[in-house]
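Structure first, commentary second.
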Amino acid sequence: MAGVLGLDTSNYTTSAAWFDGTHGDNVGKLLDVPQGSLGLRQSDALFQHVKRLPTIVAGLKERGLPDHLTAIGASTQPREVAGSYMPCFLAGESQARVMASAMDLPFYACSHQQGHIAAAAWSAGRMDLLDKPHLVWHLSGGTTELLHVVPDGVMVRAACIGGTSDISAGQLIDRTGKKLGLAFPAGKAVDELSLQAQHKEFFRVKVKDSVFSFSGIENKMNALAESGAAPADICWYVLASILHGVEKATRQALETYPGLPVLCAGGVASNQLLRQRMTASCGAVFAEPRFSTDNAMGVAILTWRLHNQKR
């Protein structure tokens, strides 16, 4: 069996994946973040990636990495725009380039964001989206962007048309988790706690041209926590408020781009409330939760497409 290998070393997860044109698999592990922290310094993230990559790739091999590799790829930057750079991506890129050179294989680069889009489309059973215009929400720890995505050969090109003007959805959720004493990253715990809420209120986010601010939600979250509100009610408040802004921005974007499919990617896209409401209100499609969070699956998919030049 022939296939390709993809590596992704984001600010949160070390991951490796293979893809053969139809099937694939991903192995990943969250970076270790000290209790009470909201992330890692880039130097610490880079160090952890370098240490973990051999084990991650070995784990992928145990789970069925193809015997015959035809190409190797890696994410090399957060987004495919000038000046987009984070040192942590050097770990995956350097090791992928070394392996490709040693094995006399071609190396292909993509951005972390392009990888998210490809992984979400494949996992949702909508690979067709990579070959036509669509809208994508990239909702993660560091990004809350509404993208207009169009094909660029066998790749995808994304232009930001909306999203947050300040903190991201993931940052807001993690700050909520820290306020409530939850482990980082706090997405799963906040999601589960929200289901126990008794008081289901939310902040009505102002949205103009699909752009909004989440700082008001953070201020209200802090006030609720300091007033002794139940943690479950606080979690619901934050998630429902995020959803209100995302839904409203999506409807505004669809007025400009009527009829385009809406795909949701990134770790925050695994939230249960978001998945239910966006599917019902906007017909949005989602990746499986394991392919919503940071992973190398999309990198492998794009590497395969670039190497085979098929649409």
Given the condition touching a residue at least 24 places away in the same chain (Cβ under 8 Å), hydrophobic (A, V, I, L, M, F, W, C), open to solvent by 10 Å² or more (accessible area, probe 1.4 Å) and farther than 21 Å from Gly177 by Cβ, answer yes or no: does some residue in segment 252-273 qualify? yes
Assess whether Arg290 counts as being out of contact with any Phe, Trp or Tyr (no Cβ under 7 Å at 6 or more places or on another chain), buried (at least 24 other Cβ atoms within 10 Å of the Cβ) and basic (Lys, Arg). no
For segment 212-233, state whether one or more residues are under 27 Å from Val150 (Cβ atoms) and open to solvent by less than 30 Å² (accessible area, probe 1.4 Å). yes
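In contact with a Lys or Arg (Cβ under 7 Å, 6 or more places away or on another chain), assigned to a strand (DSSP E or B), open to solvent by less than 60 Å² (accessible area, probe 1.4 Å) and not hydrophobic (A, V, I, L, M, F, W, C): which single residue out of Thr76, Thr70, Thr14 fits that description?
Working: Thr76 fails: in contact with a Lys or Arg (Cβ under 7 Å, 6 or more places away or on another chain); Thr70 fails: in contact with a Lys or Arg (Cβ under 7 Å, 6 or more places away or on another chain).
Going through Thr76, Thr70, Thr14 in turn, the sole match is Thr14.
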Can you report the number of residues in segment 293-302 which are of a type in the set (A, V, I, L, M) and open to solvent by 20 Å² or more (accessible area, probe 1.4 Å)? 0
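One line per residue, one yes/no per condition, for (1) of a type outside the set (A, V, I, L, M); (2) in contact with a Lys or Arg (Cβ under 9 Å, 6 or more places away or on another chain):
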residue: Ile234; (1), (2): no, yes
residue: Ala253; (1), (2): no, no
residue: Pro258; (1), (2): yes, no
residue: Gly298; (1), (2): yes, no
residue: His307; (1), (2): yes, no
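Within segment 98-118, how many residues are surrounded by fewer than 24 Cβ atoms within 10 Å (Cβ to Cβ) and in a strand (DSSP E or B)? Let's see the steps before the verdict.
Applying the first criterion (surrounded by fewer than 24 Cβ atoms within 10 Å (Cβ to Cβ)) to segment 98-118 yields 98-109, 111.
Checking the rest, the ones that are also in a strand (DSSP E or B) come to 107-109, 111.
Result for segment 98-118: 4.
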Which residue pairs have Cβ atoms closer than 6 Å, lie 6 or more positions apart in sequence or on different chains, and pair a first residue in segment 89-108 that is touching a residue at least 60 places away in the same chain (Cβ under 8 Å) with a second residue that is open to solvent by 60 Å² or more (accessible area, probe 1.4 Å) and assigned to a helix (DSSP H, G or I)? Ala91/Val50
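Could you tell me how many of the residues in segment 149-171 are hydrophobic (A, V, I, L, M, F, W, C) and not in a strand (DSSP E or B)? Walk me through how you get there before you give the answer.
Keep residues of segment 149-171 that are hydrophobic (A, V, I, L, M, F, W, C), which gives 149-150, 154-156, 158-161, 167, 169.
Subset that is not in a strand (DSSP E or B): 154, 167, 169.
Looking only at that region, the number is 3.
Among residues belonging to segment 137-156 that are over 21 Å from Asp32 (Cβ atoms) and in contact with an Asp or Glu (Cβ under 7 Å, 6 or more places away or on another chain), point out the one that is surrounded by the fewest Cβ atoms within 10 Å (Cβ to Cβ). Walk me through how you get there before you give the answer.
Going through segment 137-156, the residues over 21 Å from Asp32 (Cβ atoms) turn out to be 137-139, 143-156.
Still in the list and also in contact with an Asp or Glu (Cβ under 7 Å, 6 or more places away or on another chain): 138, 151.
Numbers: His138: 29, Pro151: 15.
Among those that are over 21 Å from Asp32 (Cβ atoms) and in contact with an Asp or Glu (Cβ under 7 Å, 6 or more places away or on another chain), it is Pro151.
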Complete set of residues in segment 178-193 that are more than 22 Å from Asp294 (Cβ to Cβ) and buried (at least 19 other Cβ atoms within 10 Å of the Cβ): Leu193
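Does Ala82 satisfy the condition of being aliphatic (A, V, I, L, M) and surrounded by fewer than 18 Cβ atoms within 10 Å (Cβ to Cβ)? Spell out how you get there, then give the answer.
Details: aliphatic (A, V, I, L, M): yes; surrounded by fewer than 18 Cβ atoms within 10 Å (Cβ to Cβ): yes.
So Ala82 passes the test.
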Taking the stated definitions as given, is Lys29 touching a helix residue (DSSP H, G or I) at 6+ places or on another chain (Cβ under 7 Å), open to solvent by 50 Å² or more (accessible area, probe 1.4 Å) and of a type in the set (D, E, K, R)? yes
Of the residues in segment 119-148, those that are assigned to a strand (DSSP E or B) and in contact (Cβ under 8 Å) with a residue 60 or more places away in the chain come to His134, Leu135, Val136, Trp137, His138, Leu139, Thr144, Leu146, His148
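The values are calculated or read from the model by the stated rules, or taken from the named source; none is laboratory data. Computed from a prediction, not measured in an experiment: that's the story for all the values here. Because the Cβ atoms are built from the backbone with ideal geometry, glycine has one as well, and the counts that use them run over all protein chains shown. Calculation scope for accessible area: heavy atoms of the full protein, side chains included, ligands and nucleic acids excluded. Shrake-Rupley method; radii C 1.70, N 1.55, O 1.52, S 1.80 Å.
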